[in-house]
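The values are calculated or read from the model by the stated rules, or taken from the named source; none is laboratory data. Predicted model only: the values in this text are computed from it and were never measured. Note that each Cβ is placed from the backbone with ideal geometry, even for glycine, and that neighbours are counted across all protein chains shown.
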Amino acid sequence: MSMTPPPGWYRDPSYPLTERWWDGTAWTDHRRQPEALPEPLARPLPAPGGGSRRGRVVALTAAGAVLVASIVTGAVLLGRDDDGGGTQSRTAPGSASPTPAPTGTSPSPSASTAGDPTVVVDELNGITLPLVDGWVKAENVSEDDVVMTTPGTYDCPGDPGLCRHGRVVSRTVTSNDEKSPKALAENDIEEAANNAYDRDQLDKRPFRGITLHELVKAGSVAVAGRAGYFVRWRVRTGVGPGGYVESLAFPSSTGSQSPVIVRFAFDAGDEGPPVSDMDEITRGIRPVGDADTGGGVGSSIGPGR
């Protein structure tokens, strides 16, 4: 019985010189250059006495087949969209089957961060986030893209359910219409607040909705060596102490360099994590495999607001 490979970077079956993100069920459009190029094909050793003519013919035929396959693969990768904009991968003519799932391979996380208990690795977006005191890697969380939480749960004060005092979410921005970190953060903050304190994925209202929000601060920051922007709100809720929500946007340093949004949702009050953890986590975001790139709140890269 075949097993579906876990999410991760794998050799792109349509172009083996790159790696492509497999989300566990299908290929995405995220691609990146592999950390190490594939080893060249081994040259066949000649038989004693120079080898037979048949052996040389077989070797030349195999080499020719590899060359033709490489040319066809390159042509497939460089095929243009119907509207003439950009490039996309296409299936070979006469083939209606989708790109096959990866088999016999494994994801390729950076050796310097794989298994590191002090960070959370987000391979898709090419970043690591620090696990500061009072935080754990996300487990058994129904919300998509959650990378870390505060430990334990409590009974939500509104609709029945289990709540957490703090969550951090790392998402890829899929829209191609907007690339500005400032605009992305400003456009995302309302949705981030609603997801955290208005309605959950089951359409329940664990805090009976948001009654008021106010801007705490916003400004430009350097995140993993890239120019980013953040917006932070204080929200009041129908029941409970409310909380703090932040949207942090910056370009990824890997693959297609799609923008990344990191969302923070912290309960207010004594039970919630300190708001300063938002700044500490932001300062500790790094590109995967790079422990020396600085940036974060306090590392201003332009005029703030």
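Details
- Complete set of residues in region 176-199 that are of a type in the set (G, A, S) and closer than 14 Å to S252 by Cα: S180
- Test: V239 is at pLDDT 95 or above, in the same structural domain as C163 (by TED's automatic domain parsing) and either farther than 22 Å from L162 by Cβ or among the hydroxyl-bearing types (S, T, Y) (or both): no
Condition check ((1) outside the structural domain of G240 (by TED's automatic domain parsing); (2) surrounded by fewer than 19 Cβ atoms within 10 Å (Cβ to Cβ); (3) at pLDDT 85 or above) across all residues:
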{"residue": "E123", "(1), (2), (3)": "no, no, yes"}
{"residue": "T128", "(1), (2), (3)": "no, no, yes"}
{"residue": "G134", "(1), (2), (3)": "no, yes, yes"}
{"residue": "K137", "(1), (2), (3)": "no, yes, yes"}
{"residue": "S142", "(1), (2), (3)": "no, yes, no"}
{"residue": "V147", "(1), (2), (3)": "no, no, yes"}
{"residue": "G152", "(1), (2), (3)": "no, yes, yes"}
{"residue": "C156", "(1), (2), (3)": "no, no, yes"}
{"residue": "G161", "(1), (2), (3)": "no, yes, yes"}
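- Among residues of region 165-188 being buried (at least 20 other Cβ atoms within 10 Å of the Cβ) and more than 19 Å from the chain's Cα centre (by Cα), the one that is nearest to I261 (Cα to Cα) is G166.
- Any hit, region 269-278, residues being outside any loop (DSSP other than H, G, I, E, B), of a type in the set (A, V, I, L, M, F, W, C) and either at pLDDT 95 or above or within 21 Å of R167 (Cα to Cα) (or both): yes
- Scanning region 189-226 for residues that are assigned to a loop (DSSP other than H, G, I, E, B) and either among the basic types (K, R) or touching a residue at least 60 places away in the same chain (Cβ under 8 Å) (or both) turns up R199, K204, R205, R208, A224, G225.
- Some residue of region 238-247 being touching a residue at least 12 places away in the same chain (Cβ under 8 Å), among the hydroxyl-bearing types (S, T, Y), under 22 Å from I285 (Cα atoms) and not in a strand (DSSP E or B): no
- Residue within region 222-245 that is buried (at least 20 other Cβ atoms within 10 Å of the Cβ), in contact with an Asp or Glu (Cβ under 6 Å, 6 or more places away or on another chain) and polar (S, T, N, Q) present: no
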